Structures are given as structure tokens and as C-alpha cells.
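Working notes, structure below.
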Amino acid sequence: MSAAFAPLAGVRVVDLSQNLAGPYCAQILADLGAAVVKVEPPGGDPARTWGPPFECGEAVIFGAANRGKRSLLLDLKQSAGREVLERLLGRADVFLQSFRTGVIERLGFGWEIVHDLNPRLVYCSITAYGMDGPQGHLPGYDPLMQAQGGLISVTGQPGQPARVGTSVVDMGTGMWAAMAVLAALGDRERTGRGAHVVGSLYETTLAWMAYHLAGFHAEGTVPGPQGTAFPLIAPYDAFPTADGRLMIAAANDGLFARLCGALHQEALAQDARFADNPGRVAHRVELCAALALATRPQRTEALVERLREAGVPCAPIQDVGQVARDPQTEASGLVRHAQSARGESFTSVAPPLRWNGARAVHPAPPPHAGEHTREILVELGYDAGEVARLGAAAAVRFQGEMDES
């Protein structure tokens with residue numbers, strides 16, 4: 001995205017969400033050009049302390065979901081704090097909140113009230129279990145959803161299920177919510193009215209489990225963890241090498257034949273048991289054992305070169321350090337190292353998309369808690385005396401005044 005291509009320029013977002021899913025949604029909107037105000041409680045977003053590691057004094061997981069925003073510390077337990085939020089929402093285009101069911105209503109900012117206040121506003125709720133069902137009132141976090149939604153049951157080794165090693169449910173929910181917000185903004189152009197859109201951690205997990213759920217309803221199949229293997233295709237797994245492991249994806253008959261040729265295992269390609277994918281899946285254990293005998297003596301780099309020359313898709317299993325140093329990572333331009341106006345170095349990962357051949361331009365680093373409280377209040381029309389009174393009453397907090405209690 002070039003500097004001139006910011007499709008959400010002029011769109012004002014109030015982000016009342018915390019932790020990861022909602023903030024990640026708001027960051028996507030900021031990357032697309034929206035002006036995002038992050039409204040935090042006096043103690044700040046708890047994700048600021050989710051570390052180590054830390055960068056610029058904040059947990060890196062916080063930085064990964066909050067770049068390009070301004071921070072306003074606001075005490076919504078006070079009427080003066082609620083008045084500030086009401087003034088913000090009256091001028092906003094999008095409102096994100098992730099409170100447990102009933103909390104936002106008790107604060108006086110439920111959908112119906114806010115819609116009456118600003119009929120054009122798109123109201124986005126990030127929920128744990130959605131709007132329906134017996135658990136709709138419960139809170140939820142990424143690992144709980146991975147557990148209850150089945151992701152853990154199909155991840156890891158047999159007998160040792162594992163959590164997916166990144167927050168796929170939180171970040172996936174943020175992505176779905178961002179798409180819903182964009183759709184609602186587009187619909188507003190047609191109708192002139194906002195909408196209430198809902199993202200759900202549990203429902204996002206169900207979406208990630210789509211073909212597993214379909215398999216259960218079709219044939220009663222209950223898959224379990226298979227390590228690096230993919231249960232529907234063989235060979236589609238990680239194989240040992242002399243110095244590591246190599247992921248090989250021979251997803252059709254032609255690729256399987258090429259793999260056998262590159263490994264000098266032509267007899268496997270002629271074996272009736274392995275004539276097609278259903279047969280290879282049925283005899284996965286024998287097939288993978290035979291292939292492992294051929295891959296184990298070879299060094300990873302040399303084997304990658306040989307297989308890729310043969311047109312067989314493969315990739316080495318790398319740790320984060322290797323990924324960070326991978327020439328392909330560098331060439332992608334996704335990982336950005338920049339200097340903030342405060343003189344702090346920070347790292348961020350751009351959206352994995354291009355617009356007219358360019359990446360998104362990151363507008364600003366993640367904000368410190370309360371860094372923009374004063375300037376936001378001034379923009380809302382509060383004069384110096386009113387700002388001072390709000391601060392004295394602790395209805396708002398400024399940078400360095402975060403409540404540690």
C-alpha cells in the first residue's frame with residue numbers, strides 16, 4: 001500500500017477492546033488508514049504486561065496488535081469518563097468492544113443506546129462464545145477455545161495433543177471482525193445506517209475446523225493429532241534428514257511419482273498399495289517409513305535442492321530465529337524495523353497483502369498508555385480547564401499516570 005492508498009482515511013475508530021482479538025481487528029483498520037483511538041482503563045490494557053519479551057517498554061504481543069493507534073486512559077466507572085466516551089462515539093464511524101455479556105450495557109453503551117446516539121456508527125462486539133447458546137455469557141481466551149473447539153485434539157503427536165503455537169483463534173477472530181466491519185461500512189454507503197456486527201472466538205475455532213466437522217457429519221470420523229502429517233493426503237508430512245526435518249507435500253499422483261524418482265525409490269511408485277491417494281493414506285505408515293529411509297541420510301539443504309529441481313514441493317522446518325534470517329523473509333518486506341518519534345526502535349510485521357505492488361505503510365508505533373489523552377480531549381472540544389479537572393478527578397489519566405492497582 002503506497003502512502004496515497006489508504007482506503008479508510010477519514011474513518012474514525014474507537015477501540016474499547018483489550019487483550020488480542022479486538023485490538024488486532026482495530027490494527028488492521030489502522031493499517032488501512034483509519035484513525036484509531038484506543039480507550040484503555042486506568043490500569044491500561046492487560047496485554048501490555050504479557051511478557052517477556054518486551055520492546056519499547058511494552059510486551060511484544062501488545063505491540064503486535066496496537067500499532068498506528070492513539071491511547072486514551074479513561075475511567076468508565078465515573079460519569080465524567082463515560083461522558084468523554086459518549087462524545088467520542090458521537091463522532092466515530094466504528095466502535096469495537098469486547099466486554100463480557102452485559103457489562104457494556106451496564107456502562108450505558110449497549111448497541112441500542114449507541115445506535116440512537118450515532119445511527120451511522122458500525123458497532124462491533126468481540127465475544128467469547130457468540131450471541132447464542134448456553135455459554136454465551138462466559139468469558140473466553142484463545143487456549144480455551146482451541147480446547148473446546150477441537151483444535152487441540154487434532155494438533156500435536158498421538159497421545160500428546162498440543163495447543164497451536166500461535167494465537168490463531170484470537171487473531172483469526174480479529175480478521176473476521178475486520179471483514180465484518182469493512183462490509184458494514186460498505187453497506188452504510190448504501191443505506192446510510194450503521195450495523196451491529198459480532199465476532200466470536202468459539203465460532204472462529206469452528207470455522208478453522210470446517211473439514212474436520214464435515215468429515216464427522218459425513219462418515220463419523222473423529223480425527224486425532226498426527227504430528228506434522230495431514231490426515232487426508234499422503235505423503236504430506238515431515239521426514240527426517242541428517243541434520244533436521246523436511247516437510248514434503250506430494251499432494252497428487254504426479255508429485256508422488258516425482259518424489260519417488262528424486263529419491264531413487266521408483267519401486268514405491270509402482271507399488272499397487274500406493275497407486276492413488278486413498279491407497280497411500282490407507283498405507284501411510286508403511287509408505288512414510290520407506291520414504292524416511294531414503295531421506296534420513298541426506299542433509300536438509302541438499303535434499304531441498306534436489307526435490308525442488310524435481311518439482312516436488314518441500315520446505316525445511318525452521319525455528320523463529322531461522323525464519324527471521326531467511327532470505328525469503330527479508331525479500332518479503334513484511335518485517336519492519338523502524339524508529340519512532342520518541343526515538344525508540346520497534347519491530348512490526350506488515351499485513352501479508354500488497355496494494356498496487358506495495359506493502360502497508362505503518363502509521364505509528366504502538367502507543368504508551370495515556371500518551372494521547374490530552375490531545376484527544378482537546379480534539380473533542382475540552383478546554384484546558386476542563387482537561388485539568390478531568391485529570392484531577394482521575395476520570396482520565398495521562399502518560400505516566402497509569403493506575404497500577
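Laid out as a table, the results:
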read-out: All positions within the range 246-261 that are crowded, with 18+ Cβ neighbours inside 10 Å, within 13 Å of V304 (Cα to Cα) and touching a residue at least 60 places away in the same chain (Cβ under 8 Å); value: L246, I248
read-out: Selection count where residues are assigned to a helix (DSSP H, G or I), crowded, with 18+ Cβ neighbours inside 10 Å and in contact with a helix residue (DSSP H, G or I) (Cβ under 8 Å, 6 or more places away or on another chain), scope the range 89-122; value: 2
read-out: Lone qualifier among S17, S71 - being closer than 19 Å to H372 by Cβ, in a loop (DSSP other than H, G, I, E, B) and at pLDDT 95 or above; value: S17
read-out: Scan of the range 41-68 for residues that are of a type in the set (D, E, K, R) and within 16 Å of the chain's Cα centre (by Cα), ordered by number; value: R67
read-out: Checklist (1) free of Cβ contacts under 8 Å to residues at least 60 places away in the same chain; (2) under 28 Å from the mean Cα position of the chain (by Cα); (3) surrounded by 15 or more Cβ atoms within 10 Å (Cβ to Cβ) applied to L232, failing item; value: (3)
read-out: Options P240, P223; residue that is modelled with pLDDT under 95 and either outside any loop (DSSP other than H, G, I, E, B) or under 30 Å from D132 (Cα atoms) (or both); value: P223
read-out: Among (1) surrounded by fewer than 24 Cβ atoms within 10 Å (Cβ to Cβ); (2) under 23 Å from H196 (Cβ atoms); (3) among the charged types (D, E, K, R) - the single one K69 does not satisfy; value: (1)
read-out: The range 328-350 residues that are without any contact (Cβ under 8 Å) to a residue 12 or more places away in the chain, paired with ones that are loosely packed, with under 13 Cβ neighbours inside 10 Å and part of a strand (DSSP E or B) (beta carbon under 6 Å, 6 or more apart); value: Q339/S345
read-out: A183 being surrounded by 15 or more Cβ atoms within 10 Å (Cβ to Cβ), in a helix (DSSP H, G or I), out of contact with any Asp or Glu (no Cβ under 8 Å at 6 or more places or on another chain) and in the same structural domain as L88 (by TED's automatic domain parsing); value: no
read-out: Only one of L390, L307 that is over 29 Å from A9 (Cβ atoms), in the same structural domain as L246 (by TED's automatic domain parsing) and not aromatic (F, W, Y); value: L307
read-out: Residue in the range 193-201 that is in a helix (DSSP H, G or I), at pLDDT 95 or above and under 30 Å from P134 (Cα atoms) present; value: yes
read-out: Test set (1) part of a helix (DSSP H, G or I); (2) closer than 25 Å to L259 by Cα - L377 fails condition number; value: (2)
read-out: Segments classed as strands (runs of 3 or more DSSP E), wholly inside the range 243-343, with at least 2 members that are closer than 28 Å to G357 by Cα and at pLDDT 95 or above; value: 314-316
read-out: Inter-residue pairs, beta-carbon under 9 Å, first part of a loop (DSSP other than H, G, I, E, B) and in the range 383-401, second among the hydroxyl-bearing types (S, T, Y), 6+ apart; value: A395/S79; F398/T373; Q399/S71; Q399/T373; E401/T373
read-out: Subset of the range 64-88 that is among the basic types (K, R) and out of contact with any helix residue (DSSP H, G or I) (no Cβ under 8 Å at 6 or more places or on another chain) - its residue that is nearest to P139 (Cα to Cα); value: K77
read-out: Residue within the range 169-178 that is of a type in the set (F, W, Y), in a helix (DSSP H, G or I), free of Cβ contacts under 8 Å to residues at least 60 places away in the same chain and within 30 Å of N19 (Cβ to Cβ) present; value: yes
read-out: The listed residue being in the same structural domain as A195 (by TED's automatic domain parsing), closer than 30 Å to C56 by Cβ and either hydroxyl-bearing (S, T, Y) or within 25 Å of the chain's Cα centre (by Cα) (or both), out of S98, S153; value: S98
read-out: Only listed residue being closer than 23 Å to P23 by Cα, among the hydroxyl-bearing types (S, T, Y) and surrounded by 11 or more Cβ atoms within 10 Å (Cβ to Cβ), chosen from S348, S332; value: S348
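The rows are residues; the columns are (1) within 30 Å of the chain's Cα centre (by Cα); (2) over 30 Å from I113 (Cβ atoms).
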{"position": "R190", "(1), (2)": "yes, no"}
{"position": "V198", "(1), (2)": "yes, no"}
{"position": "L201", "(1), (2)": "yes, no"}
{"position": "L206", "(1), (2)": "yes, yes"}
{"position": "A214", "(1), (2)": "yes, yes"}
{"position": "A218", "(1), (2)": "no, yes"}
{"position": "T228", "(1), (2)": "yes, yes"}
{"position": "D237", "(1), (2)": "yes, yes"}
{"position": "G244", "(1), (2)": "yes, yes"}
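The values are calculated or read from the model by the stated rules, or taken from the named source; none is laboratory data. Predicted model, so just to flag it, every value in this text is computed and none were measured. When we count neighbours, we look across all protein chains shown, and the Cβ atoms used for this are built from the backbone with ideal geometry, even at glycine.
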